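Peer 1: Dropping the structure in here first, questions after.
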Amino acid sequence: MLILAIDTSAVASAALVSDDALEGVVANFSTEDTRSHAEVLAPGIAGMLADAGLAGGDIDALVVGVGPGPFTGLRSGIATARTLAFVWGKPLHGLMSLDAIALEVAESTAAAPEFLVVTDARRKEVYWARYSLAEGQLPVLEDGPHVGFAADLPDLPAYGAGAGLYADALRADPDFAGEQPDALYLGQFALARLASGAGLLDSTPLYLRESDAQVPGPRKRAL
Amino acid sequence: MNRTQPLVLGIESSCDETGVGVVRGTTLLANTVSSSMDEHVRFGGVIPEIASRAHLDAFVPTLEQALAEAGATLDDVDAIAVTSGPGLAGALMVGVCAAKALAVATGKPLYAINHLVAHVGVGLLDDRATGKQQALPESLGALLVSGGHTEILRINSITSDVELLGSTIDDAAGEAYDKVARILGLGYPGGPAIDRVARTGNPKAIRFPRGLSQPKYMGTSDEPGKHRYDWSFSGLKTAVARCVEQFEARGEDIPVADIAAAFQEAVVDVISSKAVLACREHGIKDVLLGGGVAANSRLRELTGQRCASAGIRLHVPPLDLCTDNGAMVAALGAQLVMAGAEPSGIGFAPDSSMPVTSVSLQA
Ligand SMILES: [Zn+2]
């Protein structure tokens, strides 16, 4: 099974993963910055397919990170994934973006049996989720995702760029202090879940916040 | 690529309409629009984040419907065109990302197009009643008035040479209508609400200011002032608010219809007089009206009269082509393909303040 995974919840990244390939990786790319998704994502995907000698017809399914993440960036990946899936006539699944870091933690030597994944939500807040981890198993989402202040989070080891940003308030793991959700891990997570018969999400974005719009109050009368 | 009668798919998402249109050369085949306008009503204006969320969910269904209406498949398409600016940054982003994904998935060339110039592109579509082909006149002007823009353009060549003669320096005219409608308790969108109420009011009951019409801004035709062809509507909105407050302070009923009529007269007067002045001084003999406010009865009437007495022909496309839509993007895209313009590639970024001098982005 060949999956194209896309995540733009923080940086822009995409990956081709397959259960036939070594370590599951066929190709992948990710950007450093969090503000150039519209420019880099489509060329990145096109380049990856061309380099691997693959076309849309070779892909079995698409997986997209549905956040949480800053809205405009998040939508760029979902709009891309939905359109590709529509044109190619392939199934599209969603995965919570923080799962990508959770899998990365689970595969590292730093893993704890219970931990937080934390990313930057801007406006002095973080996106976060709590996971549990049993030996040899996929991480299990226990709580979240939520948006809130770092100081209000449970007292557990914390992984991800949001933890690094608020290292004074969180038990941030230094090896993961700059880590962002990456489509490569998202794709591997999706492959593992599909293989075990577990379900995935649809591609509805997890905004967690309302739009900032305020319904205007009645106009103040003079007098 | 078929460059004589290209089948072009156009995508628009710069404000609150998700539009997908299909054009073959100059023939309109489909124009599907999904609007999030209803979701903005309670806020009294377009909320960019709400518009962006709506674009994301509307895009694929709108695309499917447009293709079905056109009786075309993506395989038939020769090129894809998308609005890359100007407009709301987050809203543009959705259409641009979707368009790039379409280009990647189909391998078709992509043109990143200027929204304002696309408003003029509808003037080149065949007349729907007669099926006749229409040519753009030599010296063409375009007056664009909507909730997002107020501009007067000179079109020397629609594919390569467009000039901005004047524009609003603050609110768009449609935005002023929305704000004043809110002050008067007339609801959203303000344009149709004020237009309707104004018919029963006396436009001469109150005189509201015409922004940027003083000599220091206007100058003379030989020595034009800095804002000779520009508009400003924020002062007008403030003047309406003051006027309402004065009636309230005196404990009098607010003459809503008169205020609406006087406000509308001020907007329409200054728009049409400056537009006609710009045309006269630039030898423009034909003007195309575009944007949602083209639906306003008084704007069409007064602009029509003033153009006629200045010997200028006013062209008003069908209303569904004046408001934001994908067909206008497809129409301009087809013109670019037919003129041999190169596609924009897939590496560009949307530009919320894309200038009209850039008709399409170069790769
Ligand atoms: Zn427009």
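Peer 1: Return the ratio Rg/(2.2 N^0.38 Å) for region B:96-172, where Rg is computed over Cα atoms only.
Peer 2: Working: Rg = 15.5 Å, N = 77, 2.2 N^0.38 = 11.5 Å.
That ratio works out to 1.35.
Peer 1: Set Lys and Arg Cβ to +1 and Asp and Glu Cβ to -1, take the dipole of the protein assembly as shown about its Cα centre, and tell me which of A:Ala38, B:Val122, A:Thr119 lies farthest positive.
Peer 2: Value computed over the given set: B:Val122.
Peer 1: Relative contact order for region B:60-176: what is it in percent, counting Cα pairs under 8 Å that are at least 6 residues apart?
Peer 2: On the way: 147 pairs, mean separation 19.3, N = 117.
16 percent.
Peer 1: Something else now. When chain B is modelled as a GNM with alpha-carbon springs shorter than 10 Å, which of B:Cys97, B:Cys279, B:Cys322 fluctuates the most?
Peer 2: Result: B:Cys97 has the largest fluctuation of those listed.
Peer 1: Counting only Cα, what are the radius of gyration and maximum Cα-Cα distance Dmax of region B:287-363, in Å?
Peer 2: 16.1, 48
Peer 1: State to the nearest 20 debye the size of the charge dipole of chain B about its Cα centre, where the only charges are +1 on K and R beta carbons and -1 on D and E beta carbons. Could you put the intermediate results ahead of the total?
Peer 2: Numbers: 29 positive and 40 negative charges, 174 e Å.
In total the dipole reaches around 840 debye.
Peer 1: Next question, about the same structure. Taking θ as phi - 60°, what are the ³J(HN,Hα) couplings along region B:223-231 by the Karplus curve (6.51, -1.76, 1.60), each to the nearest whole Hz, with x for Gly and Pro?
Peer 2: In residue order, the calculated couplings are 10, x, x, 5, 10, 3, 10, 9, 10 Hz.
Peer 1: Would you mind computing Rg(Cα) / (2.2 N^0.38 Å) for region B:216-363, counting N as its residues?
Peer 2: Values: Rg = 20.0 Å, N = 148, 2.2 N^0.38 = 14.7 Å.
Against the compact-globule rule of thumb, the ratio is 1.36.
Peer 1: Follow-up. I'd like the Kirkwood hydrodynamic radius of chain B, using the inverse of the mean 1/r over distinct C-alpha pairs, in Å.
Peer 2: Values: mean 1/r = 0.0481 Å⁻¹.
For chain B, inverting the mean 1/r across all distinct Cα pairs yields 20.8 Å.
Peer 1: What is the Cα centroid distance between region B:184-247 and region A:180-199, reported in whole angstrom?
Peer 2: Value for the Cα centre distance between the two parts: 58 Å.
Peer 1: Which FRET efficiency, nearest 0.05, do B:Ala129 and A:Arg123 yield, Cβ-Cβ r, R0 41 Å?
Peer 2: After rounding, the FRET efficiency stands at 0.15.
Peer 1: If packing is taken as the average number of other Cβ atoms within 10 Å across a peptide's residues, how do B:84-92, B:30-38, B:219-227 rank, most packed first? Before the final figure, lay out each step's value.
Peer 2: On the way: B:84-92: 24.9, B:30-38: 18.8, B:219-227: 11.7.
Descending packing order for the listed peptides: B:84-92, B:30-38, B:219-227.
Peer 1: Per residue, how large is the accessible surface of chain A? Use a 1.4 angstrom probe and give square angstrom.
Peer 2: About 43 Å² of surface per residue is accessible.
Peer 1: Using each residue's phi in region A:153-168, evaluate 6.51 cos²θ - 1.76 cosθ + 1.60 at θ = phi - 60° and report the 3J(HN,Hα) Karplus result to the nearest Hz, with x for Gly and Pro.
Peer 2: Values, residue by residue: 7, x, 7, 9, x, 10, 10, x, 4, x, 5, x, 5, 10, 4, 5 Hz.
Peer 1: Sticking with this structure for a sec: Pick from A:Ala50, A:Ala169, A:Ala158: which is most flexible by mean-square fluctuation in a GNM of chain A where alpha carbon atoms under 10 Å apart are linked?
Peer 2: With Cα springs under 10 Å in chain A, the top fluctuation among A:Ala50, A:Ala169, A:Ala158 is at A:Ala50.
Peer 1: To the nearest Å, what is the center-to-center distance of region B:22-84 and region B:90-152, using C-alpha atoms only?
Peer 2: Computed from Cα coordinates, the inter-centre distance equals 12 Å.
Peer 1: Work out, in µm²/s and without decimals, the Stokes-Einstein translational diffusion coefficient of region B:133-252 at 10 °C, 1.306 mPa s, Rh from Kirkwood over C-alpha pairs.
Peer 2: On the way: Rh = 16.6 Å.
Once the numbers are plugged in, D ends up at 96 µm²/s.
Peer 1: Same structure, new question: Quick test of the membrane-span-like rule: which DSSP H helices of chain B reach at least 27 Å along their long axis (C-alpha atoms) with mean Kyte hydropathy at least 0.0? It would help to have the intermediate numbers written out before the result.
Peer 2: Working: long enough: B:48-70 (31 Å, 0.17); B:256-281 (37 Å, 0.93).
Helices passing the filter in chain B: B:48-70, B:256-281.
Peer 1: When the helix-only estimate is applied to chain B (DSSP H runs of n ≥ 4, each -39,500 (n - 2.57), divided by the residue count), what is the mean residue ellipticity at 222 nm, nearest 500 deg cm²/dmol?
Peer 2: Numbers: 12 runs with 148 residues, N = 363.
Here the helix-only value at 222 nm equals -12500 deg cm²/dmol.
Peer 1: Sort the following peptides by mean Cβ neighbour count (other Cβ atoms within 10 Å, averaged over residues), highest first: A:23-31, B:54-62, A:114-122.
Peer 2: Numbers: A:23-31: 17.1, B:54-62: 22.3, A:114-122: 24.2.
Result, highest mean first: A:114-122, B:54-62, A:23-31.
Peer 1: In region B:224-265, which residues become less accessible by 40 Å² or more once every protein chain is in place, relative to the chain on its own, using a 1.4 Å probe?
Peer 2: Residues passing the criterion (a loss of at least 40 Å², heavy atoms only) are B:Glu248.
Peer 1: Out of B:Gly166, B:Gly191, B:Gly345, any idea which swings most in a Gaussian network model of chain B, alpha carbons joined below 10 Å?
Peer 2: Its mean-square fluctuation being the largest, the pick is B:Gly345.
Peer 1: Calculate the dipole size of region A:92-189 relative to its Cα centre from +1 charges on Lys and Arg beta carbons and -1 charges on Asp and Glu beta carbons; express the result in debye to the nearest 20. Intermediate results must be reported in sequence, preceding the final value.
Peer 2: Details: 5 positive and 16 negative charges, 65 e Å.
Roughly 320 debye for region A:92-189.
Peer 1: Still on this structure, I have one more. According to the square roots a ≥ b ≥ c of the eigenvalues of the Cα gyration tensor, what is the shape class of the protein assembly as shown, taking rounded for a/c under 1.5, prolate for a/b larger than b/c otherwise, and oblate for the remainder? It would help to have the intermediate numbers written out before the result.
Peer 2: Values: a/c = 2.68, a/b = 1.58, b/c = 1.70.
Note, shape of the protein assembly as shown comes out oblate.
Peer 1: Equivalent-ellipsoid semi-axes (√(5λ), Cα gyration tensor) for region B:230-286, whole Å, largest first?
Peer 2: Values: eigenvalues 217, 24, 5 Å².
Equivalent-ellipsoid dimensions as semi-axes: 33, 11, 5 Å.
Peer 1: At 1.4 Å probe size, with the rest of the protein present, what percent of the exposed accessible area of the protein assembly as shown is carbon and sulfur atoms? Let's see the in-between values first.
Peer 2: On the way: 11420 of 23020 Å².
With neighbouring chains kept in place, the figure for the protein assembly as shown is 50 percent.
Peer 1: Give me the tail of P(r) for region A:12-61 as a percent: Cα-Cα pairs with distance above 12 Å. Let's see the in-between values first.
Peer 2: Details: 783 of 1225 pairs.
Summing the P(r) tail past 12 Å for region A:12-61 gives 64 percent.
Peer 1: Tell me, what is the per residue accessible area of region B:175-271 in Å², probe radius 1.4 Å?
Peer 2: Working: 4620 Å² over 97 residues.
Per-residue accessible area for region B:175-271 comes out at 48 Å².
Peer 1: Let me ask another. Under 5 Å between amide H atoms, partner at least 5 residues away or on a different chain: which partners does B:Ser344 have, H built in plane at 1.01 Å?
Peer 2: B:Leu110, B:Tyr111, B:Ala112
Peer 1: Give me the percent relative contact order of region A:62-180, please, defined on Cα pairs under 8 angstrom at least 6 residues apart. List each step's numbers first, then the result.
Peer 2: Working: 223 pairs, mean separation 23.8, N = 119.
With pairs under 8 Å counted, the relative contact order is 20 percent.
Peer 1: Say the dipole of region A:73-201 comes from +1 at the beta carbon of Lys and Arg and -1 at that of Asp and Glu; which of A:Gln137, A:Leu165, A:Leu98 then lies farthest toward its positive end?
Peer 2: Positive-end residue among those listed: A:Leu98.
Peer 1: With N set to the residue count of region A:1-125, report its C-alpha Rg divided by 2.2 N^0.38 Å to two decimal places. Please list the in-between numbers first.
Peer 2: Values: Rg = 14.7 Å, N = 125, 2.2 N^0.38 = 13.8 Å.
After normalising by residue count via 2.2 N^0.38 Å, the value is 1.07.
Peer 1: In addition: Please name which of B:Cys322, B:Ala173, B:Ala249 has its Cα lying farthest along the dipole of chain B towards the positive end, using unit charges on Cβ (Lys, Arg +1; Asp, Glu -1) and the Cα centre as origin.
Peer 2: Highest projection toward the positive end goes to B:Ala249.
Peer 1: Ballpark to the nearest 100 Å², how much total accessible area do A and B bury together, probe 1.4 Å? Numbers along the way, then the final one.
Peer 2: Values: alone 11050 and 14990 Å², together 23020 Å².
It comes to approximately 3000 Å² buried between A and B.
Peer 1: Now, a different point. How much of the DSSP beta bridge set in chain A is antiparallel, as a percent to the nearest 5?
Peer 2: 70 percent
Peer 1: To continue, here is another question. What is the dipole size for region B:223-321, taken about its Cα centre, with +1 at each Lys and Arg Cβ and -1 at each Asp and Glu Cβ, in debye to the nearest 20?
Peer 2: Using only the charged Cβ atoms, the result is roughly 460 debye.
Peer 1: What percent do you get for the relative contact order of chain A when only Cα pairs under 8 Å and 6+ apart count? Could you put the intermediate results ahead of the total?
Peer 2: Values: 487 pairs, mean separation 51.8, N = 223.
Once divided by the residue count of chain A, the mean separation gives 23 percent.
The values are calculated or read from the model by the stated rules, or taken from the named source; none is laboratory data. Remember, predicted model here, so these are calculated numbers, not experimental data. Cβ coordinates were reconstructed from backbone atoms using ideal geometry, including for glycine residues, and neighbour counts include every protein chain displayed. Accessible surface areas use protein heavy atoms only, side chains included; no ligands, DNA or RNA. Shrake-Rupley method; radii C 1.70, N 1.55, O 1.52, S 1.80 Å.
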